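The values are calculated or read from the model by the stated rules, or taken from the named source; none is laboratory data. Just so it is clear, the model here is predicted, and its values are computed rather than measured. Using ideal geometry, Cβ is built from the backbone for each residue, glycine included, and neighbour counts are taken over all protein chains shown.
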Amino acid sequence: MSKTFKERLKRINTFFFDVDGVFTDGSVTIFENGEQVRKMSVKDGYAVQYAVKMGYRIAIISGGRHEGVRLRFQGLGVQDIYLGQSNKIEAYEDLLAIYEINEDEILYMGDDLPDLEVMTKVGLACCPKDAATEIREMAHYTSPFKGGQGCVRDVIEQTLKAQEKWKDTKHINW
């Protein structure tokens, strides 16, 4: 018997996220000196640091290589940041081995074909509203929010609410 979205949320203790198209809208501003800048939602950032404080594992698995991304997530308390991942399943399997995680306890949010293989393995595959068609079709949940516009906050908040851990007064502040 297939589990519902709300039932799956109750088992989640680990979040894995792609970056471009999930934390960002997928666009990159490139300056003449070659510097690339991404825009991320502060609400997504708040939810990430809150979940870290609440004891959830969070990992970033991205094909991008820019160190500014690493600095952003380190600043939010994320320990496991895999950049430059041309094959995301390798980082995924590395994390499974390190933490001995049950796949049913993982929520993964991705938006495009490089995320597909990992998404087929996790307990809860999620995507932003504007994800590629193939990703939306296989995801257990599609957020009503687009990438870079609160989809990360959406899945973290729903998970913590399902587990009655949202609005914990000890961890509510930045």
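Yes/no matrix, rows are residues, columns are (1) under 18 Å from LYS129 (Cα atoms); (2) acidic (Asp, Glu); (3) touching a residue at least 12 places away in the same chain (Cβ under 8 Å); (4) in contact with a helix residue (DSSP H, G or I) (Cβ under 9 Å, 6 or more places away or on another chain):
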site: ARG11; (1), (2), (3), (4): no, no, yes, yes
site: THR29; (1), (2), (3), (4): no, no, no, no
site: TYR46; (1), (2), (3), (4): no, no, yes, yes
site: GLY63; (1), (2), (3), (4): no, no, yes, yes
site: HIS66; (1), (2), (3), (4): no, no, yes, no
site: GLY77; (1), (2), (3), (4): no, no, yes, yes
site: ASP80; (1), (2), (3), (4): no, yes, yes, yes
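Quick check on ALA91: is it surrounded by fewer than 14 Cβ atoms within 10 Å (Cβ to Cβ) and either within 12 Å of ASP18 (Cβ to Cβ) or over 14 Å from the mean Cα position of the chain (by Cα) (or both)? Give the steps one after another, and end with the answer.
Details: surrounded by fewer than 14 Cβ atoms within 10 Å (Cβ to Cβ): no; either within 12 Å of ASP18 (Cβ to Cβ) or over 14 Å from the mean Cα position of the chain (by Cα) (or both): yes.
No; evaluated as a whole, the condition is false for this residue.
Please give the number of the condition ILE58 fails out of (1) buried (at least 21 other Cβ atoms within 10 Å of the Cβ); (2) touching a Ser or Thr at 6+ places or on another chain (Cβ under 7 Å).
The single condition ILE58 does not satisfy is (2).
Does ILE135 fit the bill of being part of a loop (DSSP other than H, G, I, E, B), β-branched (Val, Ile, Thr) and crowded, with 18+ Cβ neighbours inside 10 Å?
Numbers: part of a loop (DSSP other than H, G, I, E, B): no; β-branched (Val, Ile, Thr): yes; crowded, with 18+ Cβ neighbours inside 10 Å: yes.
The answer is no for ILE135.
Checking PHE23 against (1) part of a loop (DSSP other than H, G, I, E, B); (2) modelled with pLDDT of 95 or more; (3) out of contact with any Phe, Trp or Tyr (no Cβ under 8 Å at 6 or more places or on another chain): exactly one of these is not met. Which one?
Of everything listed in (1) part of a loop (DSSP other than H, G, I, E, B); (2) modelled with pLDDT of 95 or more; (3) out of contact with any Phe, Trp or Tyr (no Cβ under 8 Å at 6 or more places or on another chain), PHE23 misses just condition (3).
Sort through LEU96, LEU71, LEU116 and tell me the only one that's part of a helix (DSSP H, G or I) and more than 16 Å from ASP18 (Cα to Cα).
Values: LEU71 fails: more than 16 Å from ASP18 (Cα to Cα); LEU116 fails: more than 16 Å from ASP18 (Cα to Cα).
One residue alone meets the criteria, LEU96.
So which residues in the stretch 71-82 are among the charged types (D, E, K, R) and crowded, with 18+ Cβ neighbours inside 10 Å? Walk me through how you get there before you give the answer.
Filtering the stretch 71-82 for residues among the charged types (D, E, K, R) gives 72, 80.
Within the stretch 71-82, just ARG72 meets the criteria.
I need the full set of residues from the stretch 151-174 which are within 19 Å of VAL19 (Cβ to Cβ) and either touching a Pro at 6+ places or on another chain (Cβ under 9 Å) or exposed (fewer than 14 other Cβ atoms within 10 Å of the Cβ) (or both), in order please.
Correct list: CYS151, VAL152, ASP154.
For the stretch 140-174, enumerate the residues that are touching a helix residue (DSSP H, G or I) at 6+ places or on another chain (Cβ under 9 Å), small (Gly, Ala, Ser) and closer than 23 Å to ARG38 by Cβ.
Result: SER143, GLY148, GLY150.
Restricting attention to the stretch 110-139, report how many residues are touching a Gly at 6+ places or on another chain (Cβ under 9 Å), within 15 Å of THR14 (Cβ to Cβ) and not β-branched (Val, Ile, Thr).
4
For the condition among the β-branched types (Val, Ile, Thr) and either in contact with a helix residue (DSSP H, G or I) (Cβ under 7 Å, 6 or more places away or on another chain) or closer than 16 Å to VAL69 by Cβ (or both), what is the one hit in VAL52, VAL37? Break it down into steps so the answer makes sense when it comes.
Details: VAL52 fails: either in contact with a helix residue (DSSP H, G or I) (Cβ under 7 Å, 6 or more places away or on another chain) or closer than 16 Å to VAL69 by Cβ (or both).
Being among the β-branched types (Val, Ile, Thr) and either in contact with a helix residue (DSSP H, G or I) (Cβ under 7 Å, 6 or more places away or on another chain) or closer than 16 Å to VAL69 by Cβ (or both) holds for just one of VAL52, VAL37, which is VAL37.
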